[in-house]
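Report on the following structure.
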Amino acid sequence: TSKITLMKRISLIGLSTTLLLATLSLGSQAAVPTSLSVPGDARILFVGDIMMGRQMNQLMAGNFEGPFTHVRDFLQSPDLTVANLEGPLVPAASIPRQVPGSLNLTGDTRAAASLAKIGFDVLSVANNHAFDAGPAGLKSTIDAVRGAGIEAIGVDNAGRQDPVVKNVRGIKIAFLAY
């Protein structure tokens, strides 16, 4: 199969972080598509940044699925949903106290299981907030994400990165994140 044919078989649907956040803040009155159905194609949704830390820790109060209520069906409708996890996940007792003006985006490891239930399949941990909780925080994030059944991309493996390969409707797709 040529690259052109392969690309025709893959429908890449992008949803900007701004749109997702606007939808979340608009609540049930927002018009959100509920399906990405294109028969015979691999359907992949790239969402952008998701952040489970900072004020979200207090707003969610343990309900980590809550912010995604109105977009859950949309996130679950493609074959694969990919996002950037903007900030580490650590046990609740290890989350740093928020200081006004702080840009520490550390969230709770319990969010990982909810992200899997919501429909996320692949999360990048390669971003400028990956070390907000230090190296132990990054390890905690990777363990929590993988433990929830989500693939983590952007993971350093002794100076190199191994791609995460997913088989989507018979098409092998490799993911890397830097």
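The values are calculated or read from the model by the stated rules, or taken from the named source; none is laboratory data. Since we're looking at a predicted model, the values are computed, not measured. Note that we place each Cβ from the backbone using ideal geometry, even for glycine, and neighbour counts take in every protein chain shown. Calculation scope for accessible area: heavy atoms of the full protein, side chains included, ligands and nucleic acids excluded. Shrake-Rupley method; radii C 1.70, N 1.55, O 1.52, S 1.80 Å.
Residues that are open to solvent by 10 Å² or more (accessible area, probe 1.4 Å) and of a type in the set (A, V, I, L, M) were ranked within the stretch 105-116; the one that is nearest to F46 (Cα to Cα) is A116.
So that you can scan it fast, the table gives a plain yes or no per residue for (1) at negative phi; (2) among the polar types (S, T, N, Q); (3) open to solvent by less than 10 Å² (accessible area, probe 1.4 Å):
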position	(1), (2), (3)
A93	yes, no, no
Q98	yes, yes, no
L103	yes, no, no
I118	yes, no, yes
A126	yes, no, no
D132	yes, no, no
V164	yes, no, no
R169	no, no, no
K172	yes, no, no
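A152 meets each of the listed conditions (1) closer than 30 Å to D41 by Cα; (2) among the small types (G, A, S); (3) open to solvent by 30 Å² or more (accessible area, probe 1.4 Å); (4) touching a strand residue (DSSP E or B) at 6+ places or on another chain (Cβ under 9 Å) apart from (3).
Among the residues of the stretch 132-165, those identified as modelled with pLDDT of 95 or more and of a type in the set (D, E, K, R) are K139, D143, R146, E151. The criterion of being in contact (Cβ under 8 Å) with a residue 40 or more places away in the chain and in contact with a helix residue (DSSP H, G or I) (Cβ under 8 Å, 6 or more places away or on another chain) holds for V90.
Within the stretch 40-50, being closer than 22 Å to A130 by Cβ and surrounded by 18 or more Cβ atoms within 10 Å (Cβ to Cβ) holds for V47, D49, I50.
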